[in-house]
1. Being within 23 Å of R98 (Cα to Cα), surrounded by fewer than 15 Cβ atoms within 10 Å (Cβ to Cβ) and among the charged types (D, E, K, R) is the filter here, so list the residues in the stretch 114-170 that pass it.
2. Hey, can you tell me all the residues within the stretch 148-159 that are touching a residue at least 60 places away in the same chain (Cβ under 8 Å) and not in a helix (DSSP H, G or I)?
3. Sort through E80, E114, E95, E149 and tell me the only one that's closer than 29 Å to S8 by Cα and modelled with pLDDT of 85 or more.
4. Have a look at L67, L86, L163 and point out the one that is part of a helix (DSSP H, G or I), modelled with pLDDT of 85 or more and not small (G, A, S).
5. Does at least one position in the stretch 26-48 carry a residue that is at pLDDT 65 or above, assigned to a helix (DSSP H, G or I) and more than 21 Å from the chain's Cα centre (by Cα)?
Amino acid sequence: SCVAYQCSKQIEQQIGGTNGHNLPKLSITQLLQLIAWVERYHEVMKESFPNITSKIYKDIHLDRNPLDDNTNIPTSIDKEHIIDSLIWSNNVLWEIQRLAQEEFLVRTQDTTDEFLTNVYSNEAVKIRTNDGRVMTTLCEDVFSLAKLETQTLQENLSPTSDLFIMAINVVF
């Protein structure tokens, strides 16, 4: 529980607080690694403590663990305190992951819009086939972005990540 708490606090500080003010400073790869780490952490927690990952701490404040209050510090090892702390840390990490996903999707949308604007504003290369049909490279240009996004996501995320599906929907 102490390790989970320290990890969640350290990550929260690195992303710039409860609103993730430093997320725009992270590279795409760093965002994807953060998202993948939290998803992997959650998978391990789910395997190890299935009853913990299904519970949600009702009042999540990223800046303060409600269990940190001096009045809540047990004098001996208290199983309920440990479980509550793990639930809190798990939910804080999910909130951090949500903020990172949101930042990634906004950037993906911006990149997609910029790329498609450039593709559609350029003169498409036209190729006339022997039977008189005219073909362009427009489809190849458009799908090159989808291929690049897909490769980046596959290299950095687990196949079960929801972000993969969300990002593909943004691109298409």
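The values are calculated or read from the model by the stated rules, or taken from the named source; none is laboratory data. From a predicted model like this one, the values you see are computed outputs, not experimental measurements. Every residue, glycine among them, receives a Cβ derived from its backbone with ideal geometry; neighbour counts consider all protein chains shown.
1. Result: E155, D162.
2. Listed by number, the residues that qualify are L157, S158.
3. On the way: E80 fails: modelled with pLDDT of 85 or more; E114 fails: closer than 29 Å to S8 by Cα; E149 fails: modelled with pLDDT of 85 or more.
None of the other options fit; the residue is E95.
4. Numbers: L67 fails: modelled with pLDDT of 85 or more; L86 fails: modelled with pLDDT of 85 or more.
It is L163.
5. Initially, the stretch 26-48 is screened for residues at pLDDT 65 or above, giving 26-48.
Still in the list and also assigned to a helix (DSSP H, G or I): 28-48.
Of the ones still in play, those that are also more than 21 Å from the chain's Cα centre (by Cα) are 48.
The answer is yes; a qualifying residue exists.
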